[in-house]
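Single-structure report; data block below.
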Amino acid sequence: MARALGEDLAQDDSSSLGSDSELNGPSPYRQADRYGFIGGSSAEPGPDRPPADLIRQREMKWVDMTSHWEKTMSRRYKKVKIQCRKGIPSALRARCWPLLCGARVCQKNSPGTYQELADARGDPQWMEAISRDLHRQFPLHEMFVSPQGHGQQGLLQVLKAYTLYRPEQGYCQAQGPVAAVLLMHLPPEEAFWCLVQICELYLPGYYGPHMEAVRLDADVFMALLRRLLPRVHQHLQRAGVGPLLYLPEWFLCLFTRSLPFPTVLRVWDAFLSEGAKVLFRVGLTLMRLALGTAEQRRACPGLLETLGALRAIAPSQLQEEIFMSQVHSVALSERDLQREIRVQLAQLAESSPGPHPQLQARLPGAQAIFEAQQLAGTRGSPKPELPQIVVQPPEESRPPRRKPQTRGKTFHGLLPRARGASLEGAPRAHRSSVSFLDTRF
């Protein structure tokens, strides 16, 4: 499956461009838009872009939250999630993405690791495959125009470092656009650790040689589609459109080949905050926009027409604010997703009783990753010094105090009496007491 998917992605270079700016062809006189795409249409603010004052307010909120990140994640994660859904300001993504995915902690705990990997000699097999794919990653972005530029060379170093860091997994072609988007915002070392976190915590089993997690999520997606969009599910079944024909490009590349670039960044903001459920929500939203009405389904009677409809959604429907509001309204919680995963795993065990590959559990977003890193830091930290307990030697033992012998002795004393009471025949010794004699035998 991995080889077939790689050939399919290699044949369709136009889908890897990631921006409508790249559909018009190169021109030496075109300027780059605000995202770095030459001749892009994002140079001017869009109609749904927030005003400048609102952007400044959001920037100040993010500066405040990231300045006290541990406190923010421990006590105010709900606010972080809300702000991620609104969109991280472009000027602060380089600061926020490594914090959200935990890459900053990984880099701090492994100083010098990336530089050692970047300086090491890569596996010739993987180096050839990586070099062959470099020119396909956003060819009209100003970072990746030149083969000898810092963009393509940085991408080569990051992908080579990952193959050395995880030699059992090697290189997957879908890692190219993911690493390229990271390099657009981050230095190579931070981009590398973000790639590690995405491949190992957000989407474990996606980029390995067998892609077993992609197959499982394809079955989960169809089950969710049957529950949430039953008519669309029936149409796909009739047309013979299986999930492996479109879902790997969506999920493996994190929609970098399927959505306008401003919308891609908004999807990534939510994905790094809330985890893989965002990918399912985006996929379900695209299905509804492409095949949600009866008229749309009638216009796509066969397999090719249906796949074409998934690629031909109107750009106005994919604008970031409009599209993301629909994504966040999809009725899919983390609990629903985990329950469906368990159901699909049970069905897989019943259908094929043989041994199955052990899938690594993925962490559902930034909060789970933060808590896991905090726990790992607590376990790995040196034990706190215990106060020294000094034991004083016991005092010299004394002989027990003997009870005085009172047998056969007579004691004289005064007995208090109540006011007004009298004792007949007893002389008055004190105003409020009487004398007595007590003999003990």
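Points worth noting:
- For the residue pairs K79/K160; K86/K108; K86/K160; K78/K160, alpha carbon separations beyond 32 Å are given by K79/K160; K86/K160; K78/K160.
- Accessible carbon and sulfur surface of region 141-224 relative to its total accessible area, %, 1.4 Å: 53 percent
- For region 116-211, trypsin sites (Lys or Arg not before Pro) meeting the loop criterion (DSSP other than H, G, I, E, B) and having at most 15 other Cβ atoms within 10 Å: R121.
- Separation between Cα centres of region 109-141 and region 191-225, rounded to whole Å: 21 Å
- In order along region 153-168, phi translates into HN-Hα couplings of 5, x, 5, 4, 5, 5, 5, 5, 4, 5, 5, 7, 6, 10, x, 6 Hz, rounded to whole numbers, per the Karplus curve 6.51 cos²θ - 1.76 cosθ + 1.60 with θ = phi - 60° and x for Gly and Pro.
- Rg(Cα)/(2.2 N^0.38 Å) for region 81-201, N = residue count: 1.05
- Projected-area mean, region 205-351, by convex hull of Cα positions, square nanometres: 8.8 nm²
- Estimated translational D of region 221-271 in µm²/s (Stokes, Kirkwood radius over Cα pairs; 25 °C; 0.890 mPa s): 201 µm²/s
- Per-residue HN-Hα couplings for region 81-86 [Karplus 6.51, -1.76, 1.60; θ = phi - 60°; Hz; x = Gly/Pro]: 4, 5, 5, 5, 5, 6
- Between A32 and G39, the built amide H atoms are under 5 Å apart, and every one of these is 5 or more places off in sequence or on another chain.
The values are calculated or read from the model by the stated rules, or taken from the named source; none is laboratory data. If you're wondering where the values come from, they're calculated on a predicted model, not measured in any experiment. Note: ideal-geometry Cβ built from the backbone for every residue, glycine included; neighbour counts use all protein chains shown. Ligands, DNA and RNA are stripped out before the accessible areas are found, and what is left, the full protein with its side chains, is counted by its heavy atoms. Shrake-Rupley method; radii C 1.70, N 1.55, O 1.52, S 1.80 Å.
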